[in-house]
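Participant: First the structure, then my questions, so here it is.
Any read-out appearing in this document is the output of simple, stated calculations on the displayed coordinates, not a laboratory observation. Note that the structure is predicted; figures quoted are calculated from it, not measured. We place every Cβ from the backbone using ideal geometry, glycine too, and count neighbours over all the protein chains shown.
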Amino acid sequence: MVTRTYDNSHFDESTNGVVVMVEPYSQKEQVQQVVYRILDANLDRAREGLRIIEEWCRFGLNNAQLSLECKRLRQEVAKWHTPELRAARDTPGDPGTELTHPQEEERASIKSVLQANFCRIEEALRVLEEYGKLYHPTMAKASKQMRYQVYTLESNLMGHQRHQLLWRSRLYLVTSPSDTLLNTVEAALKGGLTLLQYRDKTADDSLRLEQARKLRQLCHIYGALFIVNDRVDLALAVDADGVHLGQQDMSITVARQLLGSQRLIGLSTTNQEEMQRAIAENVDYIGVGPVYETPTKVGKAAAGLEYVSYAAKNCSIPWFAIGGIDANNINDVIDAGAERVAVVRSLMQAEQPTLVTQYLLSQLNRIKPEL
Ligand SMILES: Cc1ncc(COP(=O)(O)OP(=O)(O)O)c(N)n1
Ligand SMILES: Cc1ncsc1CCOP(=O)(O)O
Ligand SMILES: [Mg+2]
């Protein structure tokens, strides 16, 4: 009887404790076995993660192109999962099956599910690349290539999600400095807000960074988009969904170079020429206003409801009417053609931001509920 074991002594109950001839694994074979187990586990991990992403692309987004890319990657991973690697599996002897982190048991949103699984796939592919070098150099190379393809998939998918949510968003809250900043924003998010801009023109950078981080986290939990006003560096530092720029801020070309194609760039416009230029520059959305004069933007002349009507007829990208809009006049702005509005005071100074959010949204949703 030849029994393989990891150590050199072996007690076999079937022979009543009589030590039988054991042919131990050589050290080289033992190491090989461990490498095979690592490869087996990580091939599984990468494939499972890809399947989770694929399900969202297919059923959540109905996106054939993204689904196909997941499937292709999954099949490429499966190609490397040979019977010899599968044979090395030892689930009962794997101490890792019991280990979970509390964060794995709870996810705040689809975005968190996707991000956690992208991390999982990328880690698994990195492991396959390193340990694959001990197995098959071609596998190591293929794993590296797949990891870069997964980064691209992640960037495309996250960009797609952002754009979809932007198009669906009808109400945009632009913040102003407030002692109750986080509470007010959270109340609006509870009311259904899906788009937030952090705007503070006076705070110093350390406070801006701290507040932007907290707001980004809050938006993440509620599945809302988080945009930073004026500052591309701050947007990148907190991994925001995008930036909002004015006509006097950094150029769109430079901002796009810094932010890439998957993050959002919004631009303020006050007239037809600025709107046409913004569209030509491929911004993702524009602000249209100020519709009314407003103390939030002192000294800026109103563009009026005429400009709102022009936007309704001529703007091919999402646009948000902004400036002096509140619960009393929102229907005039809607009647002029607006489907989306941005507000500061109406929500930041509201006693009940959740209710005001719900009311503004209910008015905007009256027009085309399917947006
Ligand atoms: C949605 C939206 N529209 C317009 C503005 C104004 O931007 P800008 O002209 O750069 O002025 P500041 O906000 O920087 O004072 C905006 N912030 N958001
Ligand atoms: C930032 C900005 N840009 C054009 S109007 C405006 C401020 C809008 O603030 P409010 O909603 O309080 O009138
Ligand atoms: Mg600005």
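Participant: Could you name the lysines in cross-link range of Lys201, using Cα to Cα under 23 Å and dropping any fewer than eight places away on the same chain?
Facilitator: Lys214, Lys297, Lys300
Participant: Now for a different question. What distance in nm separates the two pseudo spin-label positions at Glu281 and Gln27, each 7 Å out from Cα along the beta-carbon direction?
Facilitator: My value for the distance between the label points is 6.6 nm.
Participant: Taking 0.36 nm per residue of sequence separation and subtracting the Cα-Cα distance, how much length would be gained by fully extending the chain between Arg107 and Ala301, in nm to one decimal?
Facilitator: 65.3 nm is the gain from fully extending Arg107 to Ala301.
Participant: Mind checking which lysines have their Cα closer than 23 Å to the Cα of Lys141? Skip sequence neighbours fewer than 8 apart in that chain.
Facilitator: Reachable lysines: Lys71, Lys79, Lys133.
Participant: Collect residues whose amide H, placed 1.01 Å from N in the peptide plane, falls under 5 Å from the amide H of Leu264; neighbours closer than 5 in sequence don't count.
Facilitator: Excluding prolines and chain starts, which carry no amide H, the hits are Gly242, Val243.
Participant: Then there's this: Please report, in whole Å, how far the alpha carbons of segment 143-269 spread along each principal axis, starting with the longest.
Facilitator: Per principal axis, max minus min of the Cα coordinates gives 49, 33, 29 Å.
Participant: Could you point to the residue in Gln65, Tyr172, Gln276 farthest towards the positive end of the chain's charge dipole, with +1 and -1 charges on the Cβ of Lys/Arg and Asp/Glu respectively?
Facilitator: Of the candidates, Gln276 comes out farthest on the positive side.
Participant: Follow-up. Over the Cα atoms of the chain, what radius of gyration and what Dmax do you get, in Å?
Facilitator: 27.6, 97
Participant: Which of Tyr135, Tyr172, Tyr307 has the fewest other C-beta atoms within 10 Å, and how do the rest follow up to the most?
Facilitator: Arranged by neighbour count, lowest to highest, Tyr135, Tyr172, Tyr307 become Tyr135, Tyr307, Tyr172.
Participant: Right, here's the next one. How high is the FRET efficiency from Leu209 to Asn329, r the C-beta distance, R0 30 Å, rounded to 0.05?
Facilitator: 0.25
Participant: Multiplying the sequence separation of Val254 and Ala312 by 0.36 nm and subtracting their Cα-Cα distance, what value in nm do you get?
Facilitator: Here the segment from Val254 to Ala312 would lengthen by 18.0 nm.
Participant: Let me ask something additional. Kirkwood hydrodynamic radius, computed over distinct alpha-carbon pairs, for segment 224-354: how many Å, to one decimal?
Facilitator: With all distinct Cα pairs of segment 224-354 included, I get 15.2 Å.
Participant: Using the number of other C-beta atoms within 10 angstrom as an exposure proxy, rank Val344, Val77 with the fewest first.
Facilitator: Ranking Val344, Val77 by Cβ neighbours within 10 Å, fewest first, gives Val344, Val77.
Participant: Using 7 Å Cα-to-Cβ label points, what is the Glu84/His136 separation (nm, one decimal)?
Facilitator: Result: 0.9 nm between the two label points.
Participant: Which ordering of Glu186, Glu123 is given by a fewest-first count of other beta-carbon atoms within 10 Å?
Facilitator: Glu123, Glu186
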